[in-house]
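Q: Below are the structure tokens for one structure; questions will follow.
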């Protein structure tokens with residue numbers, strides 16, 4: 001097990017057939033941390049309203065988080081739009097898991113990160129809920145259709161996971177980001193609040209990049225990309241692409257899959273809360 005300081009996860013979507021819980025549990029068996037942050041869309045209540053789907057592996061993840069929280073791991077849950085029903089419980093504890101609307105994380109190198117889900121910066125989700133709901137149904141349909149190419153890849157003994165839904169998303173992603181500027185909007189908000197960086201989720205697009213002097217970090221998801229962010233004990237942030245780790249079949253070490261960027265100079269706060 002690789003010991004890191006912090007783990008950041010988002011967009012797991014428990015309660016859907018698209019959730020890759022088996023890979024997520026394999027990742028958690030490989031990493032141990034003092035802090036675990038769950039940054040929204042952990043449970044997909046949108047999907048559960050259409051029909052109950054809750055296999056044992058999904059329950060195993062919940063039990064694993066509760067167990068870690070009982071054993072001196074700080075577990076913080078920031079609900080997203082798919083589990084927004086839990087936002088009314090902000091400030092409460094479920095077991096030893098703290099539920100908050102947003103959180104602040106101070107890294108080992110002293111940098112301060114605002115932790116959020118990010119749906120408030122998605123103009124479609126915020127102002128056109130019916131469009132978001134329609135897109136969610138279409139996404140679920142693509143996941144079901146993905147059974148055919150997945151079967152073909154297994155027959156051809158092709159390694160790795162290919163997702164029809166992820167392919168469609170990538171084709172639309174550039175246009176949507178151009179119109180709505182999610183990443184730039186998040187970075188601008190964080191800069192105004194005087195933080196050095198942000199860790200978020202929501203758009204299922206894992207990244208570590210510098211935007212206007214702000215370290216923008218997105219956890220990605222456990223539906224298609226199977227990605228997470230880990231903080232090492234020196235404050236270095238790393239993007240872990242779990243499917244690539246599986247495909248290589250190599251032992252874990254901090255040098256195997258470093259995808260982090262050099263840290264920028266500290267941001268001069270305009271104001272702090």
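Read-outs throughout are calculated quantities, based only on the coordinates presented, and are distinct from any laboratory measurement. As the structure is a computational prediction, the values presented were derived from the model and not from experiment. Glycine gets a Cβ as well: all are built from the backbone with ideal geometry, and neighbour counts include every protein chain shown.
Q: Could you work out how much longer the chain between residue 90 and residue 210 gets when fully extended? Use 0.36 nm per residue separation minus the Cα distance between them, nm to one decimal.
A: Working: separation 120, 0.36 × 120 = 43.20 nm, distance 3.01 nm.
Extra length available between residue 90 and residue 210 comes to 40.2 nm.
Q: Let me ask you something else. Among 108-121, 232-245, how do they line up by average Cβ neighbours within 10 Å per residue, starting with the highest?
A: Answer by packing, highest mean first, reads 108-121, 232-245.
Q: Report the gain in length on full extension from residue 34 to residue 248: 0.36 nm times residue separation, minus Cα-Cα distance, nm rounded to one decimal.
A: Computed gain between residue 34 and residue 248 is 74.3 nm.
Q: Here's a follow-up. Place the peptides 27-36, 9-18 in order of packing, highest mean first, counting for every residue the other Cβ atoms within 10 Å and averaging per peptide.
A: Highest mean packing first, the order is 9-18, 27-36.
Q: Using packing as a proxy for protection, rank 52-65, 209-222 so that the peptide with the highest average count of other Cβ atoms within 10 Å comes first.
A: Going from most to least packed, we get 209-222, 52-65.
Q: Still on this structure, I have one more. Using a basic spin-label model with each label point 7 Å from the Cα along Cα→Cβ, how many nm lie between residue 66 and residue 54?
A: 1.1 nm
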